[in-house]
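J.: Here it is, the structure, as structure tokens.
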Amino acid sequence: MIDFELPEDVKDIQRRVAAFVNTVVLPAEAEAGEHTTAEEFDRVLEGLRDEARASGLFNPHLPPEWGGLGLGALGMAIVSQECGVSGLASLALNAMAPDEGNMHLLLETANPEQLEKYLRPLAEGRARSCFAMTEQIAGSDPTMLATTAVKDGDDWIINGEKWFITGANGAAFAIVVAKTDPEAEGRNSYSLFLVDDGTPGWNVIREIPVMGTHGPGGHCEIKIENVRVGPEAVLGELGQGFQLSQKRLGPARLAHAMRWIGVAQRSLDLAAERALTRETFGKPLARRQTVQNWLADSAIDLYASRLMVLHAAYLIERGDDFRQEVSMNKVFIAEALERVVDRAIQIHGSLGYSTDLPLERFYRDARAARIYDGPSEVHRMVIARNVLKAAMSGGGTKPATGGLA
Ligand SMILES: Cc1cc2nc3c(=O)[nH]c(=O)nc-3n(C[C@H](O)[C@H](O)[C@H](O)COP(=O)(O)OP(=O)(O)OC[C@H]3O[C@@H](n4cnc5c(N)ncnc54)[C@H](O)[C@@H]3O)c2cc1C
């Protein structure tokens, strides 16, 4: 029999995170809204982090030797769903994008000196980081990335530009993807570099104004002009930058999908409450079949999303190949999120469109989910490629559909 029961320790952490989000994070949302100053936001966040530390919930994703709870993919799936309810929750637990993914990447690839210099301040919540891959000329297709790192004695000189780099303004360091071997085949020509904030030539030009909300440091445009770094700045093996980025992005994509489930669940909770209490033409909205269909379709979207996430987390924990399943998660849940939030707004009418409720903010933020971490269309291209590969191998397409029984 398949066991869908969560292990006791995961159930326990789920209860504790849910209680923390409800009693500590949600009441703080009003003080840390979109129009709060950076100083005020930092003050509120520091307070939340102190409470998270005191509640033993800080760094759920890190191993105990780094001050964390040592949760695996399943534990983090559950924690992230609870955190998705509020944009502040992952920040409070120090498990927010892009730092969570960067911390995992450092743990897997950094040498002891790099761990001490870069992971330590992130793990202690004293610093933020960013991951600088995308360029204006290269987004979906990373083999077009043009930033170069050229050897000069023992040093490297980096030149290029980066675009939409989340959290770059005020980040203590960036993990930069740059081409180190123009002769090598596309995927093997890139390497990763750790670039400290304040390095001459590292210029954060601006935080790009966006449709949705963003966390500390915005989404930034960066100019990299003759940035000189030593050999100690290389992260992982030379020529492995692309592969390491993909390795980072797999679980990071799933982490986003998990948070989106939390947002969708909160939207459905609000929608159902409104449907029960709002009357039109002598009946509550909950008695109208159209509204019932919206509630049902949202419940179906959430059920499918949760099952997909749990299965992908299971594959990650077993060390199995999870790329096809994570791509399917990313596409389905990003699109389900939009549907669920949209229905919740419609059920609320004008109130849903107003900024009195978080739904309009969820709607703006949801629009980006189909673009970042790879647009839906690019994931579909990869998913379809695997379907066709399976078909061509003669064994049918089932292995490319999640590999379930
Ligand atoms: C909120 C947000 C945060 C981000 N944070 C970061 C970050 O921290 N670090 C970072 O490096 N990058 C970041 N990005 C950039 C993100 O990774 C890119 O936006 C994404 O890879 C898409 O690249 P692009 O925007 O250049 O779109 P393009 O590559 O120009 O693609 C545009 C559109 O073309 C379509 N398309 C592309 N290829 C195909 C195809 N093969 N088949 C069919 N249709 C296709 C898709 O609809 C796609 O949306 C962020 C983006 C957003 C929106």
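J.: For LEU388 and TYR314, what does the FRET efficiency come to when R0 = 25 Å and r is the distance between their Cβ atoms, rounded to the nearest 0.05?
T.: It comes out at approximately 0.45.
J.: Once the convex hull of the C-alpha atoms of the chain is built, how many Å³ does it hold per residue, rounded to a whole number?
T.: Cα-based convex hull of the chain, divided per residue, equals 154 Å³.
J.: Each residue of the range 43-57 in order: what ³J(HN,Hα) in whole Hz does its phi give by Karplus 6.51 cos²θ - 1.76 cosθ + 1.60, θ = phi - 60°, with x for Gly and Pro?
T.: Per-residue couplings from phi come out as 5, 5, 5, 4, x, 5, 5, 4, 5, 5, 4, 5, 8, x, 10 Hz.
J.: Longest span of the chain, sites excluded, free of GluC sites (Glu not before Pro) in DSSP loop with at most 10 other C-beta atoms within 10 Å?
T.: Answer from the scan: 186-405.
J.: Now for a different question. In Å and on Cα atoms, what radius of gyration and Dmax does the range 154-229 show?
T.: For the range 154-229, the Cα radius of gyration and maximum Cα-Cα distance read 13.4, 43 Å.
J.: Continuing with the same structure: Using modelled amide H (1.01 Å from N, peptide plane; none on Pro or chain starts), what sits under 5 Å from the amide H of ALA138, excluding residues fewer than 5 places away?
T.: Amide H neighbours of ALA138: none.
J.: How high is the FRET efficiency between ALA146 and ARG228 when r is their beta carbon distance and R₀ equals 25 Å, given to the nearest 0.05?
T.: That pair, ALA146 with ARG228, gives E of 0.85.
J.: Then there's this: Using only the Cα atoms of the range 8-110, what semi-axes does the equivalent ellipsoid have when each is the square root of 5 times a gyration tensor eigenvalue? Give whole Å, largest first.
T.: Rounded to whole Å, the semi-axes are 22, 17, 11.
J.: List the residues whose amide H sits under 5 Å from the amide H of ALA132, counting only those 5 or more places along or on another chain, with H placed 1.01 Å from N in the peptide plane.
T.: ILE175, VAL176, VAL177
J.: Something else: Divide, for the range 42-86, the radius of gyration over alpha carbons by 2.2 N^0.38 Å, where N is the residue count.
T.: Rg over 2.2 N^0.38 Å, computed on Cα atoms: 1.20.
J.: Now for a separate question. Once you treat every alpha carbon in the range 243-401 as an equal point and sum by Debye, what is log10 I(q)/I(0) at q = 0.12, 0.19 Å⁻¹?
T.: Treating every Cα as an identical point scatterer, log10 I(q)/I(0) equals -0.59, -1.11.
J.: Right, here's the next one. What is the chain's relative contact order, in percent, from Cα pairs under 8 angstrom and six or more apart in sequence?
T.: 13 percent
J.: Output ³J(HN,Hα) for the range 343-359: one whole-Hz value per residue in order, computed from phi by the Karplus curve 6.51 cos²θ - 1.76 cosθ + 1.60 with θ = phi - 60°, and x for Gly and Pro.
T.: Along the range 343-359, the couplings run 5, 5, 5, 4, 5, 7, x, 4, 4, x, 7, 7, 8, 5, 10, x, 5 Hz.
J.: Using the Cβ atoms and a cut-off under 15 Å, what net charge is assigned to the surroundings of GLY349, where Lys and Arg are +1 and Asp and Glu are -1?
T.: Counting the neighbours of GLY349, the net charge comes to -1.
J.: May I ask you to derive the FRET efficiency for GLN243 and ASN159 from their Cβ-Cβ distance with R0 = 22 Å, giving the value to the nearest 0.05?
T.: 0.45
J.: Name the long-range amide H neighbours of GLY33: under 5 Å, sequence gap of 5 or more, or other chain; modelled H, no Pro or chain starts.
T.: Hits under the 5 Å cutoff: none.
J.: Here's something else I'd like to know. Can you tell me which lysines have their Cα less than 29 Å from the Cα of LYS330? Leave out same-chain residues fewer than eight positions away.
T.: List returned: LYS11, LYS162, LYS179, LYS247, LYS389, LYS398.
J.: Output wanted: per-residue J couplings in Hz (rounded whole) for the range 206-218, from phi through Karplus 6.51 cos²θ - 1.76 cosθ + 1.60, θ = phi - 60°, x for Gly and Pro.
T.: Working through the residues one at a time gives 6, 8, 6, x, 10, 5, x, 8, 8, x, x, x, x Hz.
J.: Taking the range 31-133, which trypsin sites (Lys or Arg not before Pro) meet the DSSP loop condition and have no more than 11 other C-beta atoms within 10 Å?
T.: ARG126
J.: Next up: Report relative contact order for the range 151-242 in percent, whole number only (criteria: Cα-Cα under 8 Å, sequence separation at least 6).
T.: Once normalised by length, the contact order is 43 percent.
J.: In nm, to one decimal, how far is the GLU377 label point from the ASP50 one, both placed 7 Å along Cα→Cβ?
T.: 4.9 nm
J.: Quote the relative contact order of the range 187-311 in percent (integer), defining contacts as alpha-carbon pairs under 8 Å separated by 6+ residues.
T.: 23 percent
J.: Please compute the net charge surrounding ALA336, taking Lys and Arg as +1 and Asp and Glu as -1 over other residues with Cβ under 10 Å from its Cβ.
T.: Summing Lys/Arg as +1 and Asp/Glu as -1 gives -3.
J.: With a sphere of radius 14 Å drawn around the Cβ of LEU45, what net charge do the other residues whose Cβ falls strictly inside it have (Lys, Arg +1; Asp, Glu -1)?
T.: -4
J.: What chymotrypsin sites (Phe, Trp or Tyr not before Pro) in the range 37-77 are in a loop by DSSP, with at most 16 other Cβ atoms within 10 Å of the Cβ?
T.: none
J.: With labels modelled as points extended 7 Å from the Cα through the Cβ direction, what inter-label distance (nm, one decimal) is found for ALA30 paired with GLN136?
T.: So the label points at ALA30 and GLN136 sit 4.3 nm apart.
The numbers here are math on the coordinates, done by the rules we state, and not lab data. Quantities reported herein were computed from a predicted structural model and do not represent experimental measurements. Neighbour counts are summed over all protein chains in view; Cβ atoms, including those assigned to glycine, are modelled from backbone coordinates with ideal geometry.
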